[in-house]
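Report on the structure given below.
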């Protein structure tokens, strides 16, 4: 049975949520094989800034889940109002990003580690490969930051996927406060096996979250989100002549009429 036929059969018969695991070029596997984790190299602000085609802040307007043209696999289209552009450009003040997987009622395919978005919430996103990559957010959860409110002051701050407040950029890395221990943070980073930059050392999921955070210095006030975004804008501009810097590009919206013809991954019932 072909890969598409296998997934189509599971989609029609399985009323439970399927967990799909994605392979990057670092992992070799035959079509239809089950992989135990999503493998993503760690990325910080230097890698994200250098490799992104488009960096912007925006607010989620709409999420739409559509099946592939053969009805075998769901794709999620998320539309954002573009508030500020830090790198690259888009034709309009809205952009639609396409992600592999999605839920239609009580059936669907959930790709482990894929960013999730809430309508009306604002985000900072690093984008590459929209309409072709399974996840157009660079580094998956690593290229997604959300706006939140600081307890007490109600100041608008920027949070990473673990719920840690971004406090600035130092020596090419984001500095962060302590991560929140929350269900939301767990969902954003759970189930990941992260390879080191050398591609050898395996970091366990909870260690991976801690490794991306820098302990908050005592009595240091968390900057508001606008300060962090302005610092990032300057950082990106300063990277323009770096050897590995990829110039910003025009990124067009993914169109629902261009939904892929067939499944992106093979699916398996969770064990």
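The values are calculated or read from the model by the stated rules, or taken from the named source; none is laboratory data. Keep in mind that what you see is a predicted model, and the values were worked out from it rather than measured. Here Cβ is always computed from backbone atoms with ideal geometry, including for glycine, and neighbour counts include all displayed protein chains.
Can you give me the number of residues within region 97-119 that are on the phi < 0 side of the Ramachandran plot and part of a strand (DSSP E or B)? Even if it seems obvious, please write down each step before you answer.
Going residue by residue through region 97-119, those that are on the phi < 0 side of the Ramachandran plot are 97-100, 103-104, 106-107, 109-112, 114-119.
Checking which are part of a strand (DSSP E or B) leaves us with 97-100, 103-104, 107, 109-111.
Number satisfying all stated conditions: 10.
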Quick check on residue 118: is it more than 19 Å from residue 253 (Cβ to Cβ) and without any contact (Cβ under 8 Å) to a residue 60 or more places away in the chain? yes
Can residue 194 be described as in contact with a strand residue (DSSP E or B) (Cβ under 8 Å, 6 or more places away or on another chain), at pLDDT below 95 and assigned to a loop (DSSP other than H, G, I, E, B)? no
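Yes or no: residue 128 closer than 24 Å to residue 246 by Cα, surrounded by 15 or more Cβ atoms within 10 Å (Cβ to Cβ) and touching a helix residue (DSSP H, G or I) at 6+ places or on another chain (Cβ under 7 Å)? Full working, then the answer.
Values: closer than 24 Å to residue 246 by Cα: yes; surrounded by 15 or more Cβ atoms within 10 Å (Cβ to Cβ): yes; touching a helix residue (DSSP H, G or I) at 6+ places or on another chain (Cβ under 7 Å): yes.
For residue 128, the condition - closer than 24 Å to residue 246 by Cα, surrounded by 15 or more Cβ atoms within 10 Å (Cβ to Cβ) and touching a helix residue (DSSP H, G or I) at 6+ places or on another chain (Cβ under 7 Å) - is met.
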Count, please, the residues in region 120-149 that happen to be in a strand (DSSP E or B) and within 12 Å of the chain's Cα centre (by Cα). 9
Out of (1) crowded, with 24+ Cβ neighbours inside 10 Å; (2) without any contact (Cβ under 8 Å) to a residue 40 or more places away in the chain, the odd one out for residue 152 is which? (1)
Conditions (1) farther than 18 Å from residue 113 by Cα; (2) buried (at least 17 other Cβ atoms within 10 Å of the Cβ); (3) modelled with pLDDT of 95 or more; number of the one not met by residue 78: (1)
All but one of (1) modelled with pLDDT of 50 or more; (2) within 20 Å of residue 139 (Cβ to Cβ); (3) out of contact with any helix residue (DSSP H, G or I) (no Cβ under 7 Å at 6 or more places or on another chain) hold for residue 43, so report the exception by its number. (3)
Take residue 99 and tell me if it is closer than 19 Å to residue 142 by Cβ, at pLDDT 95 or above and within 17 Å of the chain's Cα centre (by Cα). yes
(1) at pLDDT below 95; (2) surrounded by 21 or more Cβ atoms within 10 Å (Cβ to Cβ); (3) touching a strand residue (DSSP E or B) at 6+ places or on another chain (Cβ under 7 Å); (4) farther than 20 Å from residue 254 by Cα: which one isn't true of residue 112, the others all being true? (2)
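Condition check: in a loop (DSSP other than H, G, I, E, B) and either within 29 Å of residue 104 (Cβ to Cβ) or modelled with pLDDT of 90 or more (or both). Does residue 58 satisfy that? Outline the logic, then answer.
Details: in a loop (DSSP other than H, G, I, E, B): no; either within 29 Å of residue 104 (Cβ to Cβ) or modelled with pLDDT of 90 or more (or both): yes.
Against the criterion (in a loop (DSSP other than H, G, I, E, B) and either within 29 Å of residue 104 (Cβ to Cβ) or modelled with pLDDT of 90 or more (or both)), residue 58 does not qualify.
Just to be sure before I move on: is residue 26 modelled with pLDDT under 95 and touching a helix residue (DSSP H, G or I) at 6+ places or on another chain (Cβ under 9 Å) in the structure I sent? Spell out the reasoning first.
On the way: modelled with pLDDT under 95: yes; touching a helix residue (DSSP H, G or I) at 6+ places or on another chain (Cβ under 9 Å): no.
The answer is no for residue 26.
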All conditions in (1) out of contact with any strand residue (DSSP E or B) (no Cβ under 6 Å at 6 or more places or on another chain); (2) free of Cβ contacts under 8 Å to residues at least 24 places away in the same chain; (3) within 24 Å of residue 237 (Cα to Cα) are true of residue 105 except (3)
Whichever residue in region 155-181 is in contact with a helix residue (DSSP H, G or I) (Cβ under 7 Å, 6 or more places away or on another chain) and in a loop (DSSP other than H, G, I, E, B) and, among such residues, is surrounded by the fewest Cβ atoms within 10 Å (Cβ to Cβ): 172
Residue check, residue 67 against (1) over 22 Å from residue 229 (Cα atoms); (2) touching a strand residue (DSSP E or B) at 6+ places or on another chain (Cβ under 9 Å); (3) crowded, with 22+ Cβ neighbours inside 10 Å, all met but one. Which one? (3)
Please find, among 85, 19, the residue that is in a strand (DSSP E or B) and at pLDDT 50 or above. 85
